[in-house]
Structure formats: C-alpha cells, structure tokens
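The numbers here are math on the coordinates, done by the rules we state, and not lab data. Model, not experiment: these values are computed from the prediction. When we count neighbours, we look across all protein chains shown, and the Cβ atoms used for this are built from the backbone with ideal geometry, even at glycine.
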Amino acid sequence: MYYSPSEHKTYRAEVPGEYTGYFSADMKSLIHVLTHVCDVTNSKLLELLRTCGIGISTGSLTNILLEEKELFLNEKIDLLKAGLANSYCGADSTGSKEKGKNLYTQIICNEYFTVFSSMPGKSRLDILAALQ
C-alpha cells in the first residue's frame with residue numbers, strides 16, 4: 001500500500017500468493033535456516049531482522065518457527081525408524097534445561113543419524129519412550 005501526498009491518493013496492490021500472514025516463504029525459510037542450522041537464538045535473530053529493516057515481533061517469530069512443527073516431528077520419527085533399522089545404535093542421556101525446567105535429553109545415534117528427545121527423566125521407561 002502506498003499513499004501519494006501529491007495526488008492525495010492511496011494505491012493498493014495485490015499481495016503475492018506466496019505470502020501467508022505478513023512474511024514471504026523465503027523469509028520464513030531464512031528464519032528456519034538461521035534457527036535450526038546456524039543455531040542463531042531468537043533474540044539475535046530478532047536483532048538481525050530488525051537491523052535489516054524488517055518489522056517483526058517476538059510473537060510473529062515464534063509463530064513462524066512453530067507453524068511447521070508437525071513437519072519436523074514427522075521427519076524426526078522417520079529418521080529414528082530408519083536409523084533403528086540399521087545394524088546398531090548407541091544411546092546416551094544428558095541433563096538439559098528447557099524454559100527453566102530440568103529435563104534429560106535422550107540421544108540415540110550411530111554413524112548415520114542422531115536423534116535427540118527431551119524427557120522428564122532418564123529412567124529405562126524414558127529411554128524406551130524415546131525409542132518409540
């Protein structure tokens with residue numbers, strides 16, 4: 001949308017089909033790559049985007065990161081199934097914190113894959129749940 005002060009007129013254009021909400025698919029992809037591949041924290045990502053002149057709120061960033069959540073969960077399940085079908089796997093656990101809460105991260109891996117699952121404990125039942 002553009003307002004011309006000299007003509008006292010507002011011009012509106014159609015929003016491209018690739019846009020859902022306020023941001024393009026390319027912008028959403030960049031946000032996912034910077035977060036999941038480059039390990040950029042949300043606060044630093046917001047700082048970068050705002051420095052580039054992109055007006056985005058913390059809530060909008062969170063919504064973009066969570067809207068594809070099911071896709072990532074399904075991919076994790078597929079990776080785990082394919083990895084477990086291999087000759088062997090190793091398992092380990094380590095303490096972690098999420099939103100101030102103490103959890104344990106179960107790590108299942110071999111030379112071809114690694115899957116992380118956050119669990120409330122590191123008991124045998126928690127490891128079995130991570131394997132499922």
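At a glance:
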| item | result |
| --- | --- |
| Burial ranking of peptide ranges 88-97, 116-125 (average Cβ count within 10 Å, highest at the top) | 116-125, 88-97 |
| Ordering of 47-55, 101-109 by burial proxy (mean other Cβ atoms within 10 Å per residue, highest first) | 101-109, 47-55 |
| Given charges at Cβ of Lys, Arg, Asp, Glu: the chain dipole, positive-most of 128, 109, 61 | 128 |
| Stokes-Einstein translational diffusion, the chain - Kirkwood Rh over all Cα pairs, 1.567 mPa s, 4 °C, in µm²/s | 71 µm²/s |
| Environment charge at residue 61 (Cβ cut-off 12 Å; Lys +1, Arg +1, Asp -1, Glu -1) | +1 |
| With Cα atoms, 0 to 90° folded angle of helix 69-84 axis to the chain main axis | 30 degrees |
| FRET efficiency for residue 48 and residue 25, using Cβ-Cβ distance with R0 set to 22 Å, rounded to 0.05 | 0.70 |
| Stretch gain in nm, segment residue 66-residue 114, where the contour uses 0.36 nm per residue and the Cα spacing is subtracted | 15.1 nm |
| Peptides 2-15, 61-74 ordered by average Cβ neighbours within 10 Å, highest first | 61-74, 2-15 |
| Total charge dipole magnitude, region 82-131, about the Cα centre, Cβ charges on Lys, Arg, Asp, Glu only, Debye to nearest 20 | 260 debye |
| Built amide H within the under 5 Å cut-off of residue 103, gap 5+ | 96, 97, 98 |
